[in-house]
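J.: Below is a structure I'd like to ask you about.
The values are calculated or read from the model by the stated rules, or taken from the named source; none is laboratory data. Not measured: the values here are computed from a predicted model. Heads up, the Cβs are rebuilt from the backbone with ideal geometry, glycines too, and the neighbour counts pull from every protein chain shown. These area figures cover heavy atoms from the full protein model, side chains too; ligands, DNA and RNA do not enter into them. Shrake-Rupley method; radii C 1.70, N 1.55, O 1.52, S 1.80 Å.
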Amino acid sequence: MLKSIIKNFAVRTRQQLINTAVSSGLPAEQAQEAAYSCFMYCVIKCCLEINLPGYLPEDMTSSFQIHETLKEIAPACMTELKKRISKEEWKQQIQIVGWLHQYYHAEHKRMIFADKKHKAFCEQDIPAATQFFTPEWLVKYLLQNSISYFYHLPSDQCDYLIVASKKSYLPLEEIRILDPCAGTGHILTEAFDMLMQIYLNAGYAPETAVRKILQKNLFGLELDRHACEIACFCVLLKAAFYDITILKSGIQPNFLFFQDETAGSLLSESKLPEINQLLSQQYDIVITNPPYMKASRMPDLLYQFTKKHYPDSCQDLYACFIERCLSFTRSGGYCALLTMHSWMFLSSFAKLREKILHENQICSLLHLGAYAFESSDVGSIVQSAGIIMQKKPPSRQGIYINLCPFRDTMQKEQAFLTHQADIYQISQEQFFRIPGCPLIYQASEHIFNLFSLPRLGEFANPRQGLTTSDNRRFIRDWHEVRVIDICFDAENQQQAEKSGRKWFPYHKGGGYRKWYGNHYEVINYQNGGRELTEFHEELNRTHPGGRLKNKEYYFRESVTWTFIAVNSGFRYSPPGFLFDVAGSSLFANSAQERNYLLGFLCSAAAEYLLYLLNPTMNIQVRDIKLLPYIQQDSDQIQALVKENIQLCQEDWDAFEISWNFKRHPLI
């Protein structure tokens, strides 16, 4: 409820401030900066009035000020803020400052993601596009299960501790904790509280403990200057609760931001000497929620950088940060991360997995799946996992907790705290029994043994389809074009070109449907796809774009499936289709073998094995190839598969969405 109030306030106030600044004659860009600065000044002033009466934002930070054009509207902004957020909420949750910063940029973020073509982000859009506020319980999980390897935690800071561990004691003044993607300091603020209690329990005076933590224990790096400034404010405010004199001491947190260096903490060297000092060191604990960004969304300079320096993980920015965080971690130290879960399963991360499993001990892993974040704009696309690793070769079983079945972050937290989730213990060497070593921690010994059988890829050819890189230009629903311009029955490239038609049936996935159907789209493939080919050649000069892959399989009968789905649904495809990455297809040597394969892929056994291999929403060609497979065909299987195809084809053709529709069955 509070977050919804905060978001509505931030979005509405942002627009009011910008409109006022623009109407006062400020240029658009300057108005944007003035509006944000005024907004955060009001936020920090309200926070200080309740938490540190008598102090002003100027006493804590010089970053935020009220522009002359906004002085009349600022008091109304503060009055509204005090009305919306109670004193108790301000006192209990300093992270409200960070929430307001994030939600202030919510509209900007919405506009960035409104581009359905998935173009690359501009460099200045990266902070707004990649900031997700980490749920507090996951921050506590990461911190408690990393710091606890060094110190006994106070009893009120053990709620999310999985197992009491043998301590590798370090003098308190020596432990070094880094958040390389610090954001607004949520993790570091919580870390300050934990360390403060450990210091006090060890007999340190509060004034001494505060200075030790700020100067020797906590370190942060951040791409966004404003977020870094807020992180400094939040941690200083925490420090002032214990020692008000810290505000007059000149001591600042060791939090730094990158200036015009888009790769941020992925760099090994910065143009700023003070940042170089942090980049060149190793830490006892590295803990973060890194930014998530696919390679196709990266600005070109960032993409080229990650491709060169992080070849095993450059498919997504978060995966690059897994590698970087491990390199930040000293031998024997701990790395605590909240990442997307795709690195655990996708074939594109196989080398990264092998490196992690060979060189690091997975202590615990929370498999969160979808809806781990509270923000409504994240939805089910972001599927995540929290992981604690020790930087040393594996020597014991790790603990894996499956929270995927629980539908929102509150349910996941409660399942974790009340031990309702399934818990598994497994040695990492087990994962190497399957090519690509996916982390199928739920698998029994019997399941692992199945993977000693022949693989489906030895009997058939699953193939990835083409990518257009501009669907609006090249793809239509079949009823949007003239039927006489569509060739429905080409069986090969020669027949397609000879037809002279422009449009051809195109598999592009679609909703869950088995056996037959989802024939919605057509693609412009006139003259062998000449226009598409020319477009790709131009596009690929500057950034990886579309490709016409596996052309020798175009127009052939196949089994197709939906690439992005919770349940894929495997279907028979008659001749005449091209196929997309989202509608990848499998090709058999004969019609009989194709029917048997379709029957197997539509079975509960195949569905379970595919879920183990890849519980993400992307069922890949490699996953199909890896399925254990026994050929035990029979006349009964063939008859059942043919019957299912026929029934589903009749159902599909009974409605107007089918190009073979004749008459509704009820007429």
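J.: Over what distance in Å are the Cα centres of the range 179-229 and the range 25-79 separated?
T.: About 25 Å separates the Cα centre of the range 179-229 from the one of the range 25-79.
J.: Which distance in nm do the two modelled labels at Lys294 and Arg472 give, with both placed 7 Å along the Cα-to-Cβ direction?
T.: With each label placed 7 Å out from Cα toward Cβ, I get 1.7 nm.
J.: Taking the Cα centre of the chain as origin, work out the dipole magnitude from +1 charges on Lys and Arg Cβ and -1 charges on Asp and Glu Cβ, in debye rounded to 20.
T.: Working: 67 positive and 71 negative charges, 83 e Å.
Magnitude of the dipole: close to 400 debye.
J.: Measuring with a 1.4 Å probe in the full set of protein chains, what accessible area per residue, in whole Å², belongs to the range 8-81?
T.: Values: 3420 Å² over 74 residues.
Averaged over the residues of the range 8-81, the accessible area is 46 Å².
J.: Heavy atoms of the protein only, probe of 1.4 Å, neighbouring chains included. What is the accessible area of Tyr520 in Å², nearest 10?
T.: Accessible area, nearest 10 Å²: 70 Å².
J.: Net charge around Pro27, counting only other residues with Cβ within less than 15 Å of its Cβ (Lys, Arg = +1; Asp, Glu = -1)?
T.: On the way: positive: none; negative: Glu29, Glu33, Glu68.
Residues close to Pro27 contribute a combined charge of -3.
J.: Just want to confirm a number: the relative contact order over the chain, from Cα pairs under 8 angstrom separated by 6+ residues, in percent. Numbers along the way, then the final one.
T.: On the way: 1163 pairs, mean separation 58.7, N = 667.
About 9 percent, as a whole number.
J.: Moving on to the next point. Give, rounded to the nearest 20 debye, the magnitude of the charge dipole that the range 132-182 has about its Cα centre when Lys and Arg contribute +1 at Cβ and Asp and Glu contribute -1 at Cβ.
T.: Working: 4 positive and 6 negative charges, 43 e Å.
It comes to approximately 200 debye.
J.: Relative to the longest principal axis of the chain, what angle (0 to 90°, nearest 10) does the C-alpha long axis of helix 225-242 take?
T.: Computed tilt is about 50 degrees.
J.: Now for a different question. Ordering Val481, Val210 by accessible area with a probe of 1.4 Å, largest first, what comes out? Walk me through the intermediate numbers first.
T.: Numbers: Val481 25, Val210 0 Å².
Ranked list, largest accessible area first: Val481, Val210.
J.: Still on this structure: In the chain, if the dipole is taken from +1 on Lys/Arg beta carbons and -1 on Asp/Glu beta carbons about the Cα centre, which of Pro206, Phe570, Pro180 is farthest to the positive end?
T.: Phe570
J.: Taking the Cα centre of the chain as the origin and placing charges on Cβ (Lys, Arg +1; Asp, Glu -1), which of Phe121, Ser249, Ala588 is farthest toward the positive end of the dipole?
T.: Most positive-ward Cα: Ala588.
J.: In addition: Could you list, in their original order, any pairs among Lys308/Lys625; Lys355/Lys391; Lys140/Lys412 whose Cα atoms are separated by more than 18 Å? Please list the in-between numbers first.
T.: Values: Lys308/Lys625 29 Å; Lys355/Lys391 11 Å; Lys140/Lys412 14 Å.
Pairs exceeding the cut-off: Lys308/Lys625.
J.: Also: Can you pull out the trypsin sites (Lys or Arg not before Pro) in the range 406-476 that DSSP calls coil and that have at most 13 other Cβ atoms within 10 Å? Display every interim value, and only then the final one.
T.: Details: sites: Arg407, Lys412, Arg433, Arg455, Arg463, Arg472, Arg473, Arg476; in loops: Arg407.
When the trypsin sites (Lys or Arg not before Pro) of the range 406-476 are filtered for loop state and at most 13 Cβ neighbours within 10 Å, Arg407 remain.
J.: Compare the Cα positions of Leu610, Tyr283, Val559 along the charge dipole of the chain (+1 at Cβ of Lys, Arg; -1 at Cβ of Asp, Glu; about the Cα centre) and return the one farthest towards the positive end.
T.: It is Val559.
J.: At 0.36 nm per residue, minus the direct Cα-Cα distance, what do Glu557 and Glu480 gain on full extension? Give it in nm, one decimal, please.
T.: Numbers: separation 77, 0.36 × 77 = 27.72 nm, distance 2.49 nm.
My answer for the length gained is 25.2 nm.
J.: Now for a separate question. Rounded to two decimal places and with Rh computed the Kirkwood way over Cα pairs, what is Rg over Rh for the range 46-166? All intermediate terms of the calculation are to be shown ahead of the outcome.
T.: Values: Rg = 19.6 Å, Rh = 18.3 Å.
In the range 46-166, Rg relative to Rh is 1.07.
J.: For n ≥ 4 DSSP H runs only, could you compute -39500 (n - 2.57) per run for the chain, divide by its residues and tell me the 222 nm figure to the nearest 500? Walk me through the numbers before you get to the answer.
T.: Details: 26 runs with 271 residues, N = 667.
Calculated mean residue ellipticity at 222 nm is -12000 deg cm²/dmol.
J.: While we're on this one: Where does each of 448-454, 381-387, 532-538 land if you order them by average Cβ count within 10 Å, highest first?
T.: Numbers: 448-454: 13.3, 381-387: 21.7, 532-538: 15.1.
Ranked by mean Cβ neighbours within 10 Å, highest first: 381-387, 532-538, 448-454.
J.: Over the range 441-527, what is the relative contact order in whole percent, taking alpha-carbon pairs under 8 Å and six or more residues apart?
T.: 27
J.: State the label only: which of (1) 0.96; (2) 1.08; (3) 1.22 corresponds to Cα Rg over 2.2 N^0.38 Å computed from the shown model?
T.: Checked against the structure: label (2).
J.: Could I ask something else about it? Would you mind computing, in nm to one decimal, how far apart the modelled labels at Phe113 and Glu445 are, each placed 7 Å from Cα along Cα→Cβ?
T.: 4.5
J.: Summing Lys, Arg as +1 and Asp, Glu as -1, what charge do residues with Cβ under 11 Å from the Cβ of Leu214 carry, Leu214 excluded?
T.: Numbers: positive: Arg211, Lys212, Lys216, Lys238; negative: Asp243.
My count for the surroundings of Leu214 gives +3.
J.: Tally Lys/Arg at +1 and Asp/Glu at -1 over every other residue whose Cβ is under 15 Å from the Cβ of Gln442; what's the total?
T.: Working: positive: Arg433; negative: Asp422, Glu445, Glu607.
Once positives and negatives cancel, what remains is -2.
J.: Calculate, for Asp635 and Leu453, the FRET efficiency according to 1/(1 + (r/R0)^6) with r their C-beta to C-beta distance and R0 35 Å; round to the nearest 0.05.
T.: Working: r = 24 Å, r/R0 = 0.68.
Efficiency at R0 = 35 Å is approximately 0.90.
J.: Which pairs break 28 Å Cα to Cα here: Lys91/Lys166; Lys294/Lys351; Lys7/Lys45; Lys83/Lys216? All intermediate terms of the calculation are to be shown ahead of the outcome.
T.: On the way: Lys91/Lys166 35 Å; Lys294/Lys351 17 Å; Lys7/Lys45 19 Å; Lys83/Lys216 39 Å.
Going by Cα-Cα distance, Lys91/Lys166; Lys83/Lys216 fall outside the 28 Å limit.
J.: Roughly how many whole Å is it from the C-alpha centroid of the range 83-150 to that of the range 588-637?
T.: 41
J.: What FRET efficiency, computed as 1/(1 + (r/R0)^6) with R0 = 35 Å and r the Cβ-Cβ distance, is obtained for Leu666 and Glu593, rounded to the nearest 0.05? Each step should come with its number before you reach the end.
T.: Values: r = 38 Å, r/R0 = 1.08.
That pair, Leu666 with Glu593, gives E of 0.40.
J.: Quick query: amide H of Ser585 versus all other amide H atoms, modeled in the peptide plane; which residues come in under 5 Å with a sequence gap of 5 or more or a different chain?
T.: Arg463, Gly465
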